[in-house]
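Asks: Can you keep this structure in mind? I'll have questions shortly.
The values are calculated or read from the model by the stated rules, or taken from the named source; none is laboratory data. All values reported here derive from a predicted model rather than from experimental measurement. Note that each Cβ is placed from the backbone with ideal geometry, even for glycine, and that neighbours are counted across all protein chains shown. Ligands, DNA and RNA are excluded from the accessible area calculation, which covers all protein heavy atoms including side chains. Shrake-Rupley method; radii C 1.70, N 1.55, O 1.52, S 1.80 Å.
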Amino acid sequence: MQPGRLTLAEIYRFWRRPEKMSLDPDGYAALDRSAATVAAVVAEGRRVYGITTGFGSLARQTISADQVAELQTRLVLSHSCGTGAPLDERVVRLVLLLKINALSRGHSGIRSAVIDRLIRLLNDELYPVIPSQGSVGASGDLAPLAHLSAVLLGHGEISHAGNRRPAAEVLAEHGIEPIELAAKEGLALLNGTQVSTALALHGLFCAGDAFGAALTAGALSTDAALGSDTPFDPRIHELRGHPGQIAVAGWLRALLEGSEIRRSHLDCDRVQDPYSLRCQPQVMGAALDLLRNAAATLLREANAVSDNPLVFPDSGDVLSGGNFHAEPVAFAADTIALALAEIGALSERRIAMLTDATMSALPPFLVAEPGLNSGFMIAHVTAAALAAENKQLSHPASVDSLPTSANQEDHVSMATHGARRLTQMAANSARIVAIELLAAGQGIDLRRPLATSPGLSRAMTAIRGCAAFLDQDRALSGDIEKVAQIIEDGRFSGTFHDLAEDSAWLTADL
């Protein structure tokens, strides 16, 4: 890995499954220069924040040279105050990757030996157990990163092969010696936005899975409800000019191309479809543009140096600033939340339309013998409940702030929980879309002997691999979870990654 040069495709691959990494030799050279600069500060007795002083509102306290190393250890332990459920291992994997990437740019004053241990943790799948709550997104993600850093000292817990055990035991088994931190190293490890950014990237990738499935579900619903593909005509979207809208319209045209169902009603008397069908390019295209913008912000942040103070070996300067403030991440997380809420909201409206016989020209609630059978009636209620929950969760986190550290840190980003809530929102949206895929698939089967398009036939194969046609009432909860699982496994994510103009993200296609 060349520090500061990660691509979104590389980050996505690390998120989807474990990979091995090694650091470019230039990264080690930069680390050595940076660490030497910090060592010179200590040797010269210079008063520099976080190296020879206390932290936060205690920055006025000077630390003697013989206490500098002890200061870093106490910093890590005192900041290990997180609470809540542990972070998902995919998120922890990204935190390790991003921390290695940022520190190895050579502006944090940390030694190569510390980076090598972080690389061992990542490559050996030794994941620090990091509580998910306790960060306000400035000064960096202090509490969660303290739990990560404590593992290097032999404290805390490590999760390996599905088992949580004391870090000291696991490190010993893998031949990794706990490290004694040198000047500034604890602060470099704790300061930074890597947890917020990893959580937001996790939310972005999960949103991509839901987005791709929702486009497929929307095309299926259009065909099942005898909808028109005229609203997807490229001339309409070129006149407006939004790139996401143009891309989504093109994808919907491609998905519907060759449908016998569509050809069967070319001369029908319906003039316009409901907005949930007709305005898919406008709504989903706007969501795509938000996700693209968030992806660009998060990629910059993933490659950023965001601890404090920053070391400039060429001049010997050590400058105190505020790159740890995660406001860009908070804004990106809030926009992802808006996109996720609308992806689910539009899907829920299409489910409502499909189950309404007056709108879809299908049997009431998509089942034979309505009355005796309730069909998809309560599946739609579940979708409505999840959509409503997402609306509540989509309230922006970035507009909130509470001062901390005796008012020294008087404005914070709240990026961490703003990004963390995306996991639940994406899960909700995936299940709304799973219900739509089941409902739309039911509608397509009810149109037999007419067939849908070749592209949507492949989607039908995936759906029927999870759930049979609903000929009479049965419990649908298991079917919903099975379809949600293939959504979250990336079965439909190729659609999003193609439209996001980064085809290397593609892990599975229809």
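Asks: Take the residues of the range 195-254 that are among the acidic types (Asp, Glu) and in a helix (DSSP H, G or I): which is surrounded by the fewest Cβ atoms within 10 Å (Cβ to Cβ)?
Replies: Per the criteria, the residue is Glu238.
Residue-wise test of (1) out of contact with any Lys or Arg (no Cβ under 9 Å at 6 or more places or on another chain); (2) within 22 Å of Ala434 (Cβ to Cβ).
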{"residue": "Glu238", "(1), (2)": "yes, no"}
{"residue": "Val248", "(1), (2)": "yes, yes"}
{"residue": "Asp269", "(1), (2)": "yes, no"}
{"residue": "Gln272", "(1), (2)": "no, no"}
{"residue": "Ser276", "(1), (2)": "no, yes"}
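Asks: Would you please list the contacts, defined by Cβ atoms under 8 Å and residues six or more apart or on different chains, that run from a residue in the range 227-247 that is at positive phi to a residue that is open to solvent by 30 Å² or more (accessible area, probe 1.4 Å) and among the aromatic types (Phe, Trp, Tyr)?
Replies: none
Asks: Hey, can you tell me all the residues within the range 108-147 that are more than 19 Å from Ala200 (Cβ to Cβ) and in a loop (DSSP other than H, G, I, E, B)?
Replies: Once the filter is applied, which keeps residues that are more than 19 Å from Ala200 (Cβ to Cβ) and in a loop (DSSP other than H, G, I, E, B), the range 108-147 yields Ser108, Gly109, Ile110, Arg111, Asp124, Glu125, Leu126, Val129.
Asks: Determine whether Leu277 is closer than 13 Å to Leu226 by Cβ, in contact (Cβ under 8 Å) with a residue 60 or more places away in the chain and open to solvent by less than 30 Å² (accessible area, probe 1.4 Å).
Replies: yes
Asks: Oh, and also: Determine whether the range 301-323 contains at least one residue that is in a loop (DSSP other than H, G, I, E, B), among the small types (Gly, Ala, Ser), under 25 Å from His417 (Cβ atoms) and at pLDDT below 95.
Replies: Looking for residues that are in a loop (DSSP other than H, G, I, E, B), among the small types (Gly, Ala, Ser), under 25 Å from His417 (Cβ atoms) and at pLDDT below 95, one finds at least one in the range 301-323, hence yes.
Asks: OK, next. Report, by residue number, each residue of the range 415-437 that is of a type outside the set (Lys, Arg) and open to solvent by 10 Å² or more (accessible area, probe 1.4 Å).
Replies: His417, Thr423, Gln424, Ala427
Asks: Suppose we filter the range 459-480 for residues that are part of a helix (DSSP H, G or I) and surrounded by 14 or more Cβ atoms within 10 Å (Cβ to Cβ); how many remain?
Replies: 6
Asks: Can you say whether Leu94 is in a helix (DSSP H, G or I) and more than 24 Å from Tyr127 (Cα to Cα), as far as the supplied structure shows?
Replies: Spelling it out, it is not the case that Leu94 is in a helix (DSSP H, G or I) and more than 24 Å from Tyr127 (Cα to Cα).
Asks: May I ask you to list the residues in the range 306-352 that are within 19 Å of Gly443 (Cβ to Cβ) and open to solvent by 10 Å² or more (accessible area, probe 1.4 Å)?
Replies: Matches in the range 306-352: Leu346, Glu348, Arg349, Ala352.
Asks: Mind listing just one residue for me: the one in the range 353-362 that is at pLDDT 95 or above and not in a helix (DSSP H, G or I) and, of those, farthest from Pro274 (Cα to Cα)?
Replies: Going through the qualifying residues, I end up with Leu362.
Asks: Another question about this same structure. Kindly check whether there is at least one residue in the range 492-510 that is among the β-branched types (Val, Ile, Thr) and at pLDDT 95 or above.
Replies: Checked the range 492-510: no residue is among the β-branched types (Val, Ile, Thr) and at pLDDT 95 or above.
Asks: Continuing with the same structure: Tell me the residue from Gln408, Gln442, Gln485 that is in contact with a helix residue (DSSP H, G or I) (Cβ under 8 Å, 6 or more places away or on another chain) and open to solvent by 70 Å² or more (accessible area, probe 1.4 Å), please.
Replies: Gln408
Asks: Could you tell me whether the range 373-395 includes any residue that is buried (at least 22 other Cβ atoms within 10 Å of the Cβ), within 17 Å of Asp473 (Cβ to Cβ) and without any contact (Cβ under 8 Å) to a residue 40 or more places away in the chain?
Replies: no
Asks: Oh, and also: Pull up the range 151-170, narrow it to residues that are assigned to a helix (DSSP H, G or I) and hydrophobic (A, V, I, L, M, F, W, C), then point me to the one that is surrounded by the fewest Cβ atoms within 10 Å (Cβ to Cβ).
Replies: Ala168
Asks: If I filter the range 6-62 down to residues being modelled with pLDDT under 85, outside any helix (DSSP H, G or I) and under 33 Å from the mean Cα position of the chain (by Cα), which single residue comes out as nearest to Asn308 (Cα to Cα)?
Replies: This residue is Gly50.
Asks: Which pairs have Cβ atoms under 6 Å, sit 6 or more apart or on different chains, and link a residue in the range 342-365 that is touching a residue at least 40 places away in the same chain (Cβ under 8 Å) to one that is of a type in the set (Asp, Glu) and crowded, with 24+ Cβ neighbours inside 10 Å?
Replies: Final answer for the pair search is Ser347/Glu436; Arg350/Glu436; Ile351/Glu436.
Asks: Let me ask you something else. Going by the conditions given, is Arg420 of a type in the set (D, E, K, R), in contact (Cβ under 8 Å) with a residue 24 or more places away in the chain and more than 20 Å from Glu389 (Cα to Cα)?
Replies: No: the conditions fail for Arg420.
Asks: Which condition breaks for Gly4 when tested against (1) on the phi > 0 side of the Ramachandran plot; (2) open to solvent by 40 Å² or more (accessible area, probe 1.4 Å)?
Replies: (2)
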